[in-house]
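The values are calculated or read from the model by the stated rules, or taken from the named source; none is laboratory data. Please read all numbers here as calculations on a predicted model, not as lab measurements. Because the Cβ atoms are built from the backbone with ideal geometry, glycine has one as well, and the counts that use them run over all protein chains shown.
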Amino acid sequence: MERVRRALTSDHAIGWVFVAPSVLLVAIFGLYPILSGLWLSFQKASLLSPVREFAGLENYRAIMDDPRLKQAAINTIYYTVLFVPISILGALAIAIALNRRIRFIRFYRLAVFIPVVTSTIATGIMFLWLLDSTYGLANWALGGIGLGPFGFFERPSQAMPSLVAMTIWGWLGFDTIIYLAALQGIPQELSEAAAIDGAGRWSTFRNVTWPLVGPATLLLVVWSTLSALQLFDEVFFVTKGGPLGRTSVVVFYVYRLAFEQGLAIPLAGYAAAIAYVLFLVVLALALVQFWMGNRMVHYSS
Amino acid sequence: MKKTWLIAPLLFALVAAACTGDDGDGGDGGDGGGPVEIVLWHGYGSAQGEPDAEWQSLLDRVDEFNASRSDIRVLPIRCCTNDKALEKLTVALQGDEAPDVTYQYGSSIPQLAAAPSVVDLTEWSQDPDVDWPDFIPGAAAAATYEGRILGVPALIDNLAIVYNKELFDAAGVDHPSPDWTWDDFRAAAAELTDPATQTFGFAFPADASEDTVWHYDPMLWQAGGSILSEDGTQAAFDSEAGVRALEVLRAMAVDDGSMYLDLQNAKIDDLFNTGKTAMVITGPWALSAYPDVDYGVEVLPGFDGDHQTIAGPDMWVVFDNGEERAQAALEFVTWFTAPEQIRTDSLATGHLPLRISVIEEPGFTDELEGSFPGVGVFAENLANVKQARPVIATYPQISVAMGEAIVAALLGEKTSQQALADAAEEVNGILALPA
C-alpha cells in the first residue's frame, strides 16, 4: 500500500498527469490514425464501403508497376532537389543582408516573413494571375528585360520550376528567421579576430559564419526535405497536378486515389500502402541526414 | 504535498469531459419529446463561403418547413463547396456522423451506393405524394443505380454557349445561331481573337478534371460516338467520331490560338466577365458571375445537325441515422422537392425547374427568363439532353484518363488520335479489373 502511495505522489506520476492531455491527443489524432492506416495498407478497401478483405502484401506489390505513381515520385524528387538547396541558400543570403543595423530593418524583416503567415490559398490565387502567360505581371516584367514570354504553369516543362518558385516565396521567410537567429548567436569576437588575422569577407564567411550556422543549416535541410517530400497544399489548390500530371506529387496522388477515385472501388488500401512507403522513405532520409549532419556540423559549446 | 495525487483523477475527468462534451450535430431529438432534429448539408455560397441567392432560397424554404411542422426541425449546414461534398461525406460516414440529407453530384451516386447507411428511396418514390414521374427524366435516371433509386433530383444543368454581344458586334461577327456548326464556331472564335487586346474567342476549362471531360462529351455524342461500348466493357471514345470532336478543340487551341486554355480551371468566369473572352460554354449557374457583360445564350453548335448537350443533375441523398430521423428526413425531402417548392426556388435563383409540371405551367419560362436573362434558353435546352455518362463505380478513373487525353491534345503534346488511343488503352485496363 505504501509503495502505491509513494508511486502516486512521486514527481514521476505527477509528470505523467501533466502531460496526459497532450499524450491523449497525440494518441487519438496521431497514433491511432497511423496504426489504422498501417492496417488499411494490408487490406483491399474503399472508404465508403464497409467491406474490407485482407490482401497481404498485394498493395505493396502493386506499387512497382503504376506509371502514374512513378511519375509522381519522379516529380517529388525533382521538386525536392530544386526546392531544398535554393530555399536554404536564398534564405542564408537574405539573412546575412538583414543582419545589420540599417534604417527600417524591422520593416524589411517583417516583409520577408509575411509570406509565411499568408494563407496558401491567397498565395495561390495571386500566383495564378501573376504567372498567367497572357495576362500575368511576371511575363510583362520579364519581357521588359528581354526575357520570355514564359508559359509558367501552362507549359508542362515549366510548371514544376514555377511551383518551386512559388513555394520558395512562401517559405523563404521561415528559413530566413532561423538563419537570422543563428547569425545573431555568432559572437562578435570571432569575426573581429578573423578580421585582425586578415581574413576578407568571403574568408570570414567561409571559415567563421558558415561553420557556426551549421546546426541551423542541418535543421533546415532536414526540415525542408521533409516538407518538400510531403508537398500537397500548393499542388492541390494551384496546379491540381497538371498540366498532364507534371506537378502531381506523391501525397497528392495518394489523396486522389483515396478520396476521389477510390471511394467505391478498393483503392484506399493501395493509397495507404503508398503513404506508408513514403513514410519509411522520409524516416530513413531524416535519419541519414541527421547522422551525416552530426558528423559534419560544429556545435559550439 | 500529500494531497497532490488527487489532481490525477480530476484532470482525467476534465479531459474526458472535454472529449465527449460536444456532440456537434445535436441530433438526439426524440428522447426529450421535442421535435426530431435532422441535419441538412448543402454546398451553396461562394467558394469563400459567402451567402448567395441559392443559399438564401434554401434557408427560406427550410424556415417555411420548420414553421409549418412542430415535430421536425431541419438544421441547414453549409458543409463545404459542392466540389468537396463527397469527400466531406466520406469522412463523416467513417465517423458515423453522416448528415440526414446531403447535396451530392449525380455522378457520385455509384460511389454512394457502397455506403451501407444510404437510404434506398425506391419504395418512397412510389408514394403518390412524391409524384416521381413528374421529375425530368434525365435527372431521375441519374438517381438510379443498379435498379435502386438513391437520390432525389436537387438541380439540373446543361451546357450552352454564353457569348458577349458587344464583342461580337465590335468585331462584326454574326451572333451564334441555333443551327451553328462547329466549323462556324471555330471560324467565329478565330475572328473574335485579337492578340493586341489579349482577347480570345473562346475559353476552355483544361484542368483535365471532369469539367474538361463533360465539355467534350456532347461533341463526341453529336459526332456519333460514345464513351464506352454498348456493353460497357470497352472504351469507345477513341473512334473516328472521338477524333473528329477533339480535333475541333485542338485546332482552335494549337493552330488558331483562338482558345484560352484555363489549365487550373480558375479564371474563365473572370475572363468572360471582363470581356477578355467572347464565348464560353457553360451552364446556367455561371450567369450570375457575369454582371458586367451584356451576354446572350445559344444552344451548342452541332455536327451534322445534331445539337445535343449534356446534363449534370445533382441529388439530395438521404442517410439513415435511426428510423425516426430517417422518416423525418423523407418527409422533409417530399415537401422540399414538391412542385410548389421547386417553382419558388427556380424563380428565386434561376435554377432550371426540375418538375415537368412546373416547366409546362403557362407563362413560367417567360417569367423565369424575365428575372434571369438567358435561363430560358437553358430551360429549353433540356430537350437537347439525349445521353448520359456511364453510371459506374470506375467512372472517376475513366474521367481522369479522358481528361488527360483531351488536355494532351490541346497542349499539342500528342495528336488527337494518339491521345485518345492512349487513354482508351488505360480505360480498357481499368474496365478489365475485377469489380
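When residue A:113 is tested against (1) touching a residue at least 12 places away in the same chain (Cβ under 8 Å); (2) closer than 30 Å to residue B:48 by Cα; (3) in a loop (DSSP other than H, G, I, E, B), only condition (3) is not met.
Residues to consider are A:270, A:276, A:253, A:299; find the one that is away from every other protein chain (no Cβ under 14 Å) and either in a helix (DSSP H, G or I) or among the basic types (Lys, Arg) (or both). Quick ask: steps written out before the conclusion?
Values: A:270 fails: away from every other protein chain (no Cβ under 14 Å); A:253 fails: away from every other protein chain (no Cβ under 14 Å); A:299 fails: either in a helix (DSSP H, G or I) or among the basic types (Lys, Arg) (or both).
Being away from every other protein chain (no Cβ under 14 Å) and either in a helix (DSSP H, G or I) or among the basic types (Lys, Arg) (or both) holds for just one of A:270, A:276, A:253, A:299, which is A:276.
A residue that is more than 20 Å from residue B:89 (Cα to Cα) and modelled with pLDDT under 90 occurs nowhere in the stretch A:248-265. With respect to the conditions (1) in contact (Cβ under 8 Å) with a residue 60 or more places away in the chain; (2) of a type in the set (A, V, I, L, M, F, W, C); (3) closer than 27 Å to residue A:175 by Cβ, residue A:186 lacks only one, and its number is (1). Residue B:18: part of a loop (DSSP other than H, G, I, E, B), within 11 Å of chain A (Cβ to nearest Cβ) and modelled with pLDDT under 85, yes or no? Criteria not met by residue B:18. Where helices (runs of 4 or more DSSP H) sit wholly within the stretch B:39-150, those with at least 2 residues that are more than 21 Å from the chain's Cα centre (by Cα), assigned by TED's automatic domain parsing to the domain that holds residue B:332 and closer than 19 Å to residue B:351 by Cα occupy B:53-68.
One line per residue, one yes/no per condition, for (1) basic (Lys, Arg); (2) within 11 Å of chain A (Cβ to nearest Cβ); (3) closer than 22 Å to residue B:112 by Cβ; (4) surrounded by fewer than 24 Cβ atoms within 10 Å (Cβ to Cβ):
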| residue | (1), (2), (3), (4) |
| --- | --- |
| B:391 | no, no, yes, yes |
| B:397 | no, yes, yes, yes |
| B:406 | no, yes, no, no |
| B:410 | no, yes, no, no |
| B:414 | yes, yes, no, yes |
| B:418 | no, no, no, yes |
| B:425 | no, no, no, yes |
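For every residue, the table says whether it meets (1) under 25 Å from residue B:397 (Cβ atoms); (2) in contact with a strand residue (DSSP E or B) (Cβ under 8 Å, 6 or more places away or on another chain); (3) among the aliphatic types (A, V, I, L, M).
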| position | (1), (2), (3) |
| --- | --- |
| B:213 | yes, no, yes |
| B:220 | yes, no, yes |
| B:227 | yes, yes, yes |
| B:230 | yes, no, no |
| B:235 | yes, yes, yes |
| B:251 | no, no, yes |
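Any chance the stretch B:181-198 includes a residue that's under 14 Å from residue B:298 (Cα atoms), surrounded by fewer than 23 Cβ atoms within 10 Å (Cβ to Cβ) and not aromatic (Phe, Trp, Tyr)? Yes, the stretch B:181-198 has at least one match. With respect to residue A:237, is the statement that it is of a type in the set (Phe, Trp, Tyr), part of a helix (DSSP H, G or I) and at pLDDT below 90 true? Spelling it out, residue A:237 is indeed of a type in the set (Phe, Trp, Tyr), part of a helix (DSSP H, G or I) and at pLDDT below 90. Scanning the stretch A:241-255 for residues that are surrounded by fewer than 21 Cβ atoms within 10 Å (Cβ to Cβ) and aromatic (Phe, Trp, Tyr) turns up just one, A:255. Only one entry of B:168, B:204, B:185, B:200 meets the criterion of being among the aromatic types (Phe, Trp, Tyr), farther than 20 Å from residue B:274 by Cβ and either away from every other protein chain (no Cβ under 14 Å) or touching a strand residue (DSSP E or B) at 6+ places or on another chain (Cβ under 9 Å) (or both), and that entry is B:185. Of the residues B:278, B:286, B:266, the single one that is without any contact (Cβ under 8 Å) to a residue 60 or more places away in the chain, outside the structural domain of residue B:372 (by TED's automatic domain parsing) and touching a helix residue (DSSP H, G or I) at 6+ places or on another chain (Cβ under 9 Å) is B:266. Output yes when any residue across the stretch A:101-118 is at positive phi and loosely packed, with under 15 Cβ neighbours inside 10 Å, and no when none is. Checking the stretch A:101-118: at least one residue is at positive phi and loosely packed, with under 15 Cβ neighbours inside 10 Å. Scan the stretch B:84-103 for residues that are more than 11 Å from every other protein chain (Cβ to nearest Cβ) and more than 16 Å from residue B:320 (Cα to Cα) and jot them down. Within the stretch B:84-103, just B:85 meets the criteria. Filter the stretch A:229-240 down to residues that are at the interface with another protein chain (Cβ under 8 Å from one of its Cβ atoms) and crowded, with 22+ Cβ neighbours inside 10 Å, then give me how many there are. So the count comes out to 2.
Annotation note: of B:296, B:322, B:305, the sole residue that is out of contact with any strand residue (DSSP E or B) (no Cβ under 8 Å at 6 or more places or on another chain) and more than 27 Å from residue B:390 (Cα to Cα) is B:322.
The rows are residues; the columns are (1) touching a residue at least 24 places away in the same chain (Cβ under 8 Å); (2) buried (at least 17 other Cβ atoms within 10 Å of the Cβ); (3) out of contact with any helix residue (DSSP H, G or I) (no Cβ under 7 Å at 6 or more places or on another chain).
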| residue | (1), (2), (3) |
| --- | --- |
| A:204 | no, yes, no |
| A:218 | yes, yes, no |
| A:257 | no, yes, no |
| A:265 | yes, yes, yes |
| A:279 | no, no, yes |
| A:285 | yes, no, no |
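So is residue A:190 of a type outside the set (Phe, Trp, Tyr) and buried (at least 18 other Cβ atoms within 10 Å of the Cβ) or not? Considered against the rule, which asks whether it is of a type outside the set (Phe, Trp, Tyr) and buried (at least 18 other Cβ atoms within 10 Å of the Cβ), residue A:190 comes out as no. If you go through the stretch B:283-302 and keep only what is touching a Phe, Trp or Tyr at 6+ places or on another chain (Cβ under 6 Å) and crowded, with 23+ Cβ neighbours inside 10 Å, you end up with B:284, B:301. Annotation: residue A:72 fulfils all but one of (1) within 14 Å of chain B (Cβ to nearest Cβ); (2) modelled with pLDDT under 90; (3) touching a helix residue (DSSP H, G or I) at 6+ places or on another chain (Cβ under 7 Å); the unmet one is (2).
I'm trying to understand the selection: among the residues of the stretch A:29-50, which are within 8 Å of another protein chain (Cβ to nearest Cβ) and out of contact with any helix residue (DSSP H, G or I) (no Cβ under 8 Å at 6 or more places or on another chain)?
Going residue by residue through the stretch A:29-50, those that are within 8 Å of another protein chain (Cβ to nearest Cβ) are A:46-50.
The answer is A:49, A:50.
For the stretch B:222-243, check the following and say yes or no: at least one residue is of a type in the set (Phe, Trp, Tyr) and either part of a strand (DSSP E or B) or within 14 Å of another protein chain (Cβ to nearest Cβ) (or both). No - not one qualifying residue is present in the stretch B:222-243.
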